[in-house]
1. Where in the range 165-238 are the strands (runs of 3 or more DSSP E), entirely inside, with at least 1 residues that are of a type in the set (Phe, Trp, Tyr) and out of contact with any Gly (no Cβ under 7 Å at 6 or more places or on another chain)?
2. Taking the criterion of being touching a His at 6+ places or on another chain (Cβ under 7 Å), charged (D, E, K, R) and part of a loop (DSSP other than H, G, I, E, B), would at least one residue in the range 117-138 satisfy it?
3. Yes or no: Gln299 open to solvent by less than 10 Å² (accessible area, probe 1.4 Å) and either of a type in the set (Ser, Thr, Tyr) or within 30 Å of Asp454 (Cβ to Cβ) (or both)?
4. Would you confirm, using the coordinates I've provided, whether Ala489 is touching a strand residue (DSSP E or B) at 6+ places or on another chain (Cβ under 7 Å), surrounded by fewer than 24 Cβ atoms within 10 Å (Cβ to Cβ) and outside any strand (DSSP E or B)?
5. When the residues of the range 73-85 are narrowed to those that are part of a strand (DSSP E or B) and out of contact with any Pro (no Cβ under 8 Å at 6 or more places or on another chain), which ends up most open to solvent (accessible area, probe 1.4 Å)?
6. Can you tell me which residue among Lys104, Lys155 is at pLDDT 95 or above and either open to solvent by 40 Å² or more (accessible area, probe 1.4 Å) or not small (Gly, Ala, Ser) (or both)?
7. If a residue has to be in a loop (DSSP other than H, G, I, E, B) and surrounded by 24 or more Cβ atoms within 10 Å (Cβ to Cβ) to count, how many in the range 434-454 make the cut?
Amino acid sequence: MRGAKSAKWVVGAAVVALAATACGGGGGDSSSDKGAADPNGKVVFDSGEPQNALQPANTQESYGASVIDALFVGLVKYEPGNGKITNVNAQSVTSSDNKVWTVKLNPGWKFTNGETVTSKSYVDAWNWAADTKSNQISSSWFSDIAGYTDVHPEKGAPKTDKMSGLKVVDDNTFTITLTSALPYFQYKLGYRAFDPLPAAFYKDPKAYGEKPVGNGPYKFDSWQHKKTITVSKNADYKGPDPAKNGGVVFKNYATEDAAYQDLLSNNLDIIRQIPPSSLANYKSDLGDRAVTESYSAIQTINPAFYTKQWKDIDVRVLQGLSMAIDRDTITKTVLQGTRTPATGWVAQGVLGYKAGACGEFCSYDPAKAKALIKAGGGVPGNKITVQYNADGGHKEWVDAVCNSIRQATGVDCTGDSKPDFQTDTQIRDAHQVKSFYRSGWVLDYPFNGNFLRDLYGTGVAGNSGGFSDKKFDALTKEADQAKTVDESAAAYQKAEAELVNSFPSIPLWYYNLNSGFSTKVSNVKYDQAGDPILTGVTVKK
């Protein structure tokens with residue numbers, strides 16, 4: 001996201017807007033389930049202004065991703081808690097060689113404008129999203145497909161607007177030919193960039209992004225910028241997870257403290273994340289409506305490698321800065337025990353996760369930290385800043401990280417606050433970060449490669465810091481050539497181990513979900529990406 005949300009950040013992929021988003025498969029509804037449900041009642045969900053127009057392939061951050069995922073469904077999804085692939089719009093996704101994949105759709109599905117969802121709805125959407133001219137931030141997600149470089153060359157104009165690897169067989173069947181075999185390709189198909197689009201989209205993609213038409217459990221109603229986005233139940237939805245409520249109001253909050261006060265007043269039904277200022281008291285405030293779970297996301301701080309400060313840095317400087325951070329103390333005190341110190345670059349709970357990949361460099365050792373930085377030639381200017389979004393509850397821990405670095409090494413460190421997540425991500429995308437930036441990443445699919453190649457591969461969409469390492473790229477390519485998903489995950493562990501020699505980011509901690517809901521709703525559960533399963537929430541009469 002998802003940034004951590006892709007991503008959900010990351011988004012997505014996923015980039016995450018908040019100090020944490022949520023996690024996998026649990027509940028937290030117990031006695032709150034009492035009371036008859038109102039099938040027309042709308043759920044009010046804590047949100048913010050999406051970075052971009054609402055186009056599936058142009059949405060990686062968590063605010064936009066939540067809306068896209070309500071309005072669209074793709075071929076497959078993942079079961080909460082275990083990450084198992086389940087078909088949604090797809091009847092089947094099969095391959096005998098991991099290179100040529102055949103997709104058969106469940107027939108009779110429609111977009112909310114009445115148009116039938118067909119193979120062409122997918123093929124046209126993917127071709128458009130991959131095309132350089134479309135300027136979609138998730139275009140690199142299609143780079144495994146044969147002909148991608150023809151529609152998205154590194155330099156110059158595209159040769160064509162259609163990838164040779166996509167073929168429509170009939171209305172409900174299409175094939176995908178990859179440039180080379182990829183054992184986990186089916187996992188990737190659950191990411192929102194692979195959602196279908198109706199024919200009406202191409203008449204005016206920008207206008208469509210303001211009033212999207214999808215094929216999901218909800219349909220779009222309205223968007224009051226920087227206030228609310230409202231969706232209502234799609235009565236014609238044919239998927240396995242129809243909405244049990246009348247819709248969702250994605251409500252914009254300037255701060256998580258404001259959102260929490262609205263939650264206590266029952267003006268907000270679900271909060272993404274309890275703000276740091278309320279972590280000590282939220283369980284007593286909310287009782288059995290307080291939610292505490294783990295989920296697959298990680299918090300890091302990333303150097304902007306395109307800056308003069310980090311362009312040719314000796315890796316020992318980054319290793320030293322990492323060892324100057326007292327993760328244990330910060331997670332226990334500032335974050336009230338709600339995070340788990342990270343020991344590598346891959347989040348817990350996904351296939352291929354391996355503890356300890358960061359080795360000694362994710363442990364706190366002030367003396368060695370100082371020695372490494374000195375041996376590496378020192379931090380240029382002896383000062384760093386950490387960019388973050390002020391509306392996400394990050395100030396407290398950023399200050400704590402900076403204090404730890406300052407006290408351990410003498411390197412000056414300060415937070416670089418931006419007013420909101422939209423501004424923060426725009427600065428990252430424009431490569432205008434001054435030094436470090438806060439980066440959270442929640443799984444897009446439950447496989448370790450999503451936290452490695454999709455974040456640190458040269459030129460990929462999730463790589464906002466400009467990191468590039470030929471040896472790492474070679475190892476990820478080797479992992480992609482494995483014969484089975486398990487063999488690929490094992491090979492990606494080798495690629496992760498190599499990151500200690502280049503340090504594309506400094507791992508901080510794994511997310512835990514600390515959320516809550518109002519007395520007006522029940523059946524509040526979360527998926528592995530940390531998002532509430534909005535379709536399952538019931539509103540009390």
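The values are calculated or read from the model by the stated rules, or taken from the named source; none is laboratory data. The structure presented is a predicted model; accordingly, all values stated were derived computationally and were not measured. For neighbour counting, all protein chains shown are included, and Cβ atoms are generated from backbone atoms with ideal geometry for every residue, glycine included. In case anyone asks, the SASA skips ligands and DNA or RNA and just uses the protein heavy atoms, side chains included. Shrake-Rupley method; radii C 1.70, N 1.55, O 1.52, S 1.80 Å.
1. Filter on the range 165-238 gives 173-177, 218-224.
2. Within the range 117-138, one or more residues are touching a His at 6+ places or on another chain (Cβ under 7 Å), charged (D, E, K, R) and part of a loop (DSSP other than H, G, I, E, B).
3. Yes: the conditions hold for Gln299.
4. So Ala489 fits the description; yes.
5. Lys77
6. Exactly one residue qualifies, and that residue is Lys104.
7. Here the count works out to 5.
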